[in-house]
């Protein structure tokens with residue numbers, strides 16, 4: 001009976017992991033595009049998109065929290081006695097913390113600042129511009145660091161399962177995510193950051209499938 005219960009729980013976690021990957025892609029596709037060319041336009045744009053930003057970025061926070069639970073189970077199936085598996089979970093958890101901080105600043109704080117300064121008198125706008133600059137710099141570092149740590153976690157999981165298809169997929173997706181992050185940092189191409197996030201989502205689907213297979 002205990003074995004059956006464990007298999008049922010693993011199957012449930014597997015489906016949940018897959019769902020978090022699909023949810024990440026859906027949230028990514030609904031991320032508001034930035035088109036403003038000046039500070040006033042940026043204020044109007046961020047204020048207008050405050051609700052959708054809160055949904056998308058807040059949704060990512062929830063997804064990351066759920067994924068930590070799922071990946072803890074995944075690590076247990078890979079083997080808590082394996083140092084690489086433990087490293088995978090540790091790196092991913094550290095990366096999730098950095099990414100959640102970035103999501104908080106980018107998706108909740110910046111729109112709230114924009115809403116406050118949208119109707120502010122002209123003499124207060126310089127302070128608002130400074131706040132925006134500080135938040136932008138924070139996101140510029142927090143998001144790549146967070147995704148980089150998560151990618152390192154995926155590579156570690158992949159290395160711990162190197163003899164399986166899941167392990168090979170982890171190595172490929174993790175290394176590809178790292179390449180996208182480094183290339184984005186060097187070129188300033190924002191679309192590479194979005195590609196990196198999408199690769200993390202695909203890994204969630206792969207890990208979920210692996211959990212389902214282990215219960216059969």
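Taking the options 55, 66, name whichever one is surrounded by fewer than 21 Cβ atoms within 10 Å (Cβ to Cβ) and without any contact (Cβ under 8 Å) to a residue 40 or more places away in the chain.
After applying the criteria, what remains is 55.
Name, by its number, the condition in (1) over 18 Å from the mean Cα position of the chain (by Cα); (2) surrounded by 16 or more Cβ atoms within 10 Å (Cβ to Cβ); (3) more than 19 Å from residue 96 (Cβ to Cβ) that does not hold for residue 188.
(2)
So residue 97 passes all but one of these: (1) crowded, with 17+ Cβ neighbours inside 10 Å; (2) within 14 Å of the chain's Cα centre (by Cα). Which condition number does it fail?
Exception for residue 97: condition (1).
To keep it simple, each residue is scored yes or no on (1) surrounded by 15 or more Cβ atoms within 10 Å (Cβ to Cβ); (2) modelled with pLDDT under 95; (3) assigned to a helix (DSSP H, G or I); (4) at positive phi.
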site	(1), (2), (3), (4)
101	yes, no, yes, no
108	yes, yes, yes, no
137	no, yes, yes, no
141	no, yes, yes, no
146	yes, no, yes, no
156	yes, no, yes, no
173	yes, no, yes, no
176	yes, no, yes, no
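Of everything in region 113-132, what is in a helix (DSSP H, G or I) and farther than 20 Å from residue 33 by Cβ? Give them in sequence order.
The answer is 116, 117, 122, 123, 124, 125, 126, 127, 128, 129, 130, 131.
Any chance you could count how many residues in region 119-164 are closer than 15 Å to residue 197 by Cβ and touching a residue at least 40 places away in the same chain (Cβ under 8 Å)?
Qualifying residue count, region 119-164: 12.
If the Cβ limit is 9 Å and pairs must be 6+ apart or interchain, which residue in region 187-198 that is closer than 16 Å to residue 136 by Cβ pairs with which residue that is crowded, with 18+ Cβ neighbours inside 10 Å?
If the second residue must be crowded, with 18+ Cβ neighbours inside 10 Å, the pairs left are 190/184; 193/143; 193/144; 193/147; 193/180; 193/181; 193/184.
Restricting attention to region 28-44, does a residue exist that is modelled with pLDDT of 90 or more, within 30 Å of residue 162 (Cβ to Cβ) and part of a helix (DSSP H, G or I)?
Within region 28-44 (the criterion being modelled with pLDDT of 90 or more, within 30 Å of residue 162 (Cβ to Cβ) and part of a helix (DSSP H, G or I)), the answer is yes, since at least one residue qualifies.
Picking from 64, 84, 68, which residue would you name as being within 23 Å of residue 7 (Cβ to Cβ) and assigned to a helix (DSSP H, G or I)?
The match here is 68.
Just give me the residues in region 59-86 being closer than 24 Å to residue 32 by Cα and at pLDDT below 95, in sequence order.
Scanning region 59-86 gives no hits.
Go over the candidates 181, 168 one by one and state the one that is at pLDDT 90 or above, out of contact with any helix residue (DSSP H, G or I) (no Cβ under 6 Å at 6 or more places or on another chain), assigned to a helix (DSSP H, G or I) and within 20 Å of residue 91 (Cβ to Cβ).
Selected residue: 168, the only one of 181, 168 that is at pLDDT 90 or above, out of contact with any helix residue (DSSP H, G or I) (no Cβ under 6 Å at 6 or more places or on another chain), assigned to a helix (DSSP H, G or I) and within 20 Å of residue 91 (Cβ to Cβ).
The values are calculated or read from the model by the stated rules, or taken from the named source; none is laboratory data. What you are looking at is a predicted structure, and each value in this text was computed from that prediction instead of being measured. Please note: Cβ atoms are built from the backbone with ideal geometry, for glycine as well, and neighbour counts cover all protein chains shown.
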